[in-house]
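Worksheet: the structure to be examined is printed underneath.
Each reported figure results from applying straightforward, stated rules to the coordinates on display, with no laboratory input. In this text, all values refer to a predicted model and were calculated from it rather than measured experimentally. Every residue, glycine as well, gets a Cβ built from its backbone with ideal geometry; the counts of neighbours run over all protein chains shown.
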Amino acid sequence: MAVPKRKKSKAKIRTRRACIKARVMTIKNCPQCGAPQEPHRVCRSCGYYRGRQVVSVKAD
């Protein structure tokens with residue numbers, strides 16, 4: 001089996017592991033209804049995307 005010749009430094013290990021992290025979801029307000037919505041997605045509460053209605057949403 002291959003065995004490392006030298007010990008990896010803490011900086012080398014931490015640099016590699018810096019990319020492995022949980023990402024915070026970006027949320028913005030819908031311009032039509034003001035409900036929280038993910039960017040580049042259809043609004044779940046009103047069905048609008050980029051100023052026009054794409055999906056018809058049932059009213060509760």
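Data overview
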| item | result |
| --- | --- |
| Electrostatic dipole magnitude of the chain [Cβ: Lys, Arg +1; Asp, Glu -1; Cα centre; debye, to 20] | 1040 debye |
| Segment VAL3-VAL57, extension gain: residue separation times 0.36 nm, minus the distance between their alpha carbons | 13.5 nm |
| Cys with no candidate disulfide partner in the chain (beta-carbon separation under 4.7 Å rule) | CYS19 |
| Sparse-neighbourhood loop sites, trypsin sites (Lys or Arg not before Pro) in the range 20-60 - DSSP loop, at most 15 other Cβ within 10 angstrom | LYS21, ARG23, ARG41, ARG44, ARG50, LYS58 |
| Value of [θ]222 nm, deg cm²/dmol, for the chain, DSSP H segments ≥ 4, -39500 (n - 2.57) each, nearest 500 | -3500 deg cm²/dmol |
